[in-house]
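Rule-based calculations on the coordinates, nothing more; no lab input. What you see is a predicted model, and the numbers here were worked out from it, not measured in a lab. Cβ sites come from the backbone with ideal geometry, for glycine too, and all protein chains shown count toward neighbours.
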Amino acid sequence: MPLRPLDADRLLTQLESAKNRFETGHATRIAALLAHLAKIELADPRHVIRFHECLLFLRAFPHALAQVRRVENLLNSFHRRIEELHAHNADMSVFDDFDTCGIAGTSMQDTLSFDLAQWLMTRIPRHCVIAWNDYWDDYESERARGNLWPRFIPLLAEDADVEANIPWSKWLDAARGQQNSLKWLLGRFAQLSLPARQRAELYDSLRIPLRWKLDNLKLSRTRNWSRPRRFYFHDAPLIQRSEVSLAHELATPAPKPEKLLKAAGEQVTNAVREIMLVRYRELYGTTLSDPGSVVRFNLGRGVVMRFWGLPPDRRLPLRAYLAGYTLKNGVPINYVEAIGLCEWIEVGFNTFYTYRQGETAWIYAQALRCLRALTGATCISIYPYQIGQNNDEAIESGAFWFYRKLGFRPGRPDLQRLCEREEQRIAADPQYRTAKRTLKRLAEAHMFFEIADSTALKSQKVTRSAPRTGAWDTFSTRNIGLAINRRMARDFDGDSNDIRQSSTMAVSRALKIDTSGWTPAQHQALANWSLVLALIPDLSRWTAGEKEQLVEIIRAKSARDEMRYLRLTQLHRRLREALLSMGSAMRS
């Protein structure tokens, strides 16, 4: 029999309160609550979700091995609770949000990129279909069908170019025969004699909604965990933000990363696609990850982080890229993205909702330790979205203060002054809370943490109030890109081919480059960098050594390890100064 709503709410509230407490007696209390909840039917979908999130937290932050086993058993059979809800015609829409989706037994629907759709079809071919009812009614998609489907379906143009009310499904059914519709379409795009990026762009223009059933699949959020080499069991309170010194953590060298073999790297890249897919998330670097670049850090306390880069043909024109995620006792709890140039990196860090009470500040500090070890960066930047720009969730959670209390500062002087005024008010009145409108204003610019020399860090002299150069405060590669486009409009009548050819020729002459024997990827890197270097008026007067360094940087962009490229940009003082000059906005 279903438990009465009030009784279920009471038990779940007790479990939510106890799950992240580790004093003596709490393990026994949790065991009793789990035993009780395991025997009862939860008729309210919201209660089912709350129970599910408690179980996942306990699996990541367990008290003991016996608790792990009990939780795993409950998660492995959790799909039956969803089946019970279906049987009672419960409202399943509550499972469609970012923080509640991906539970075993539910279904998901999204418009995926070509690369992810192709991967998903290979991964779970019997569980994934096109959501036709939502597709046929989309007018913009119909226009794209008319442009693209005639490539694959003979004589469809006879109908698509001039007729109304085209029976698209009949044409498709006739062409695919007995094949799965999605598999057939993906196969046709894969056969196009085009670069991978262009094939993907054409498929993406169709905006095909896919629907997949999670059933009791391992890739569901419910079961998307693994057994670690060794569990870490908690028997003391979790590390709080106030106990974390980012300066101290960054002064402590990260453990040596373990380079994974390509086969193991492929397991990691498949895992991160699953992790993101079941949360309605897709990042450039999680879909297009390079399995040959994966490294692993073991950071203690059951925390393992994995990072990787992009394959050479999918890299950004100028900046270097890393992505990663964290496992806590084998449970994926967050994802990380870092994009950088010279000693500056922008870092995106997102802890999944379920685990935000679990040592988030300490784990974030470990992510930055790893990124610093991989990149050599000394200037860490937080994108405004992370702290609340067009991000209500970040405003509600007070994300600005999370970063500020770790030592980050606003990158604009007016926002720095506003921040200091707010800190004075908080110091004067502990009950004071920063208004939402103020938090939104504070989120208008990047935040920065700049690392001084290692001696200062080790002596703990780096504090929030320590002097900082602020060289990267207003820098953006977007500013460089816009300058290039203004030059294209002014000098090349808006023709991108002309500006590329002219810039490449001019830069090749200035640097005296012999490109014979260069790979296509190196030629592409030269074309991209030439657009930037053509903006430097005295490039031809750089010293021979500076020019040789620059050519090495260009060639390294498409090399096996993009982090070597990033470190080379850190060593070229004159290039760094030119980039800062071109990419920094004028202060108001």
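With the crude spin-label approximation of a point 7 Å out along Cα→Cβ, what separation in nm comes out for ASP96 versus SER242?
4.3 nm
Once phi is turned into ³J(HN,Hα) by the Karplus curve 6.51 cos²θ - 1.76 cosθ + 1.60 with θ = phi - 60°, what whole-Hz value does each residue of the stretch 295-305 show in order, with x for glycine and proline?
10, 10, 10, 9, 10, x, 6, x, 9, 10, 10
Over the residues of the stretch 351-442, compute the C-alpha Rg and express it relative to 2.2 N^0.38 Å.
Values: Rg = 14.2 Å, N = 92, 2.2 N^0.38 = 12.3 Å.
Scaled against compact globular proteins, the figure is 1.16.
Per residue of the stretch 147-160, in order, report the coupling 6.51 cos²θ - 1.76 cosθ + 1.60 (Karplus, θ = phi - 60°) as ³J(HN,Hα) in whole Hz, putting x for Gly and Pro.
Per-residue couplings from phi come out as 7, 9, 4, x, 5, 10, 10, x, 6, 4, 4, 4, 8, 5 Hz.
Restricting to DSSP H runs of at least four residues, report the calculated mean residue ellipticity at 222 nm for the chain, -39500 (n - 2.57) per run over all residues, nearest 500 deg cm²/dmol.
On the way: 28 runs with 288 residues, N = 588.
Result for the chain, helices only: -14500 deg cm²/dmol.
Simple spin-label model, 7 Å along Cα-to-Cβ: ASP514 to ARG486 in nm?
My value for the distance between the label points is 3.9 nm.
For Cα pairs less than 8 Å apart in space and 6+ apart in sequence, what is the mean separation divided by the residue count of the chain, i.e. the relative contact order in percent?
12 percent.
Which one of PRO209, CYS342, ALA251 is farthest out on the positive end of the charge dipole of the chain, using unit charges on Cβ (Lys, Arg +1; Asp, Glu -1) and the Cα centre as origin?
Of PRO209, CYS342, ALA251, it is ALA251.
Whose amide H sits under 5 Å from the amide H of LEU112, counting only residues 5 or more places off or on another chain, with H placed in the peptide plane?
For LEU112, the qualifying residues are LEU210.
So what are the ³J(HN,Hα) numbers for the stretch 567-575, from phi and the Karplus equation (6.51, -1.76, 1.60; θ = phi - 60°), rounded to whole Hz, Gly and Pro as x?
Values, residue by residue: 5, 5, 5, 6, 8, 9, 4, 5, 5 Hz.
Only Lys, Arg, Asp and Glu count, each charged at its Cβ (+1, +1, -1, -1), so figure out the dipole size of the stretch 477-583 about its Cα centre, rounded to 20 debye.
280 debye
Full extension from TYR284 to LYS170: what is 0.36 nm times the residue separation minus their Cα-Cα distance, to one decimal in nm?
Numbers: separation 114, 0.36 × 114 = 41.04 nm, distance 3.50 nm.
Here the answer is 37.5 nm.
Please get the size of the charge dipole for the chain, origin at its Cα centre, with Cβ charges of +1 on Lys and Arg and -1 on Asp and Glu, quoted in debye to the nearest 20.
Values: 84 positive and 66 negative charges, 406 e Å.
That gives a dipole near 1940 debye.
For a Förster distance of 30 Å, can you work out the FRET efficiency between the beta-carbons of LYS405 and ASN73, rounded to the nearest 0.05? Walk me through the numbers on the way to the answer.
Values: r = 39 Å, r/R0 = 1.31.
Efficiency, rounded to the nearest 0.05: 0.15.
What distance in nm lies between label points placed 7 Å from Cα along the C-beta direction at THR543 and ALA38?
Going by the 7 Å Cα→Cβ label model, 7.1 nm.
Compute the distribution of all C-alpha to C-alpha distances in the stretch 5-95, in bins of 10 Å from 0, and list the percent of pairs in each, rounded to whole numbers.
Whole-percent P(r) values from 0 Å outward: 16, 53, 26, 5, 0.
Which FRET efficiency value, to the nearest 0.05, do you get for GLU158 and GLN191 by plugging their Cβ-Cβ distance into 1/(1 + (r/R0)^6) with R0 = 22 Å?
0.50
Stretched out fully, how many nm does the piece from GLU201 to ASP7 gain, at 0.36 nm a residue minus the Cα gap?
On the way: separation 194, 0.36 × 194 = 69.84 nm, distance 5.21 nm.
In short, 64.6 nm is gained.
Ranked from highest to lowest mean number of other Cβ atoms within 10 Å per residue, what is the order of the peptides 544-550, 243-249?
243-249, 544-550
Assuming a ≥ b ≥ c are the square roots of the Cα gyration tensor eigenvalues, decide whether the chain counts as rounded (a/c under 1.5), prolate (otherwise, with a/b larger than b/c) or oblate.
Oblate, since a/c reaches 1.5 and b/c is not below a/b.
In nm, what is the difference between 0.36 nm times the number of residues separating GLU84 and ASP137 and their Cα-Cα distance?
Details: separation 53, 0.36 × 53 = 19.08 nm, distance 3.25 nm.
Using 0.36 nm per residue and subtracting the Cα-Cα distance, I get 15.8 nm.
Nothing charged except the Cβ atoms of Lys and Arg (+1) and of Asp and Glu (-1): what's the magnitude of the dipole of the stretch 107-213 about its Cα centre? Round to the nearest 20 debye.
640 debye
Quick one: Debye curve from the C-alpha atoms of the stretch 241-458, no solvent, what's log10 I(q)/I(0) at q = 0.08, 0.15, 0.16, 0.19 Å⁻¹?
Cα-only, vacuum Debye calculation for the stretch 241-458: -0.29, -1.02, -1.16, -1.55.
When you count, for each residue, the other Cβ atoms within 10 Å and take the mean per peptide, how do 335-348, 413-426 rank with the highest first?
335-348, 413-426
Have a look at the DSSP beta bridges in the chain and tell me what percent are antiparallel, nearest 5.
Antiparallel bridges make up about 90 percent of those DSSP assigns within the chain.
Please go through the stretch 197-242 and write out the trypsin sites (Lys or Arg not before Pro) that DSSP classes as loop and that have at most 15 other C-beta atoms within 10 Å. Could you put the intermediate results ahead of the total?
Values: sites: ARG197, ARG199, ARG207, ARG211, LYS213, LYS218, ARG221, ARG223, ARG229, ARG230, ARG241; in loops: ARG207, LYS218, ARG221, ARG223, ARG229, ARG230.
Of the trypsin sites (Lys or Arg not before Pro), the ones in loops of the stretch 197-242 whose Cβ has at most 15 other Cβ atoms within 10 Å are ARG207, LYS218, ARG229, ARG230.
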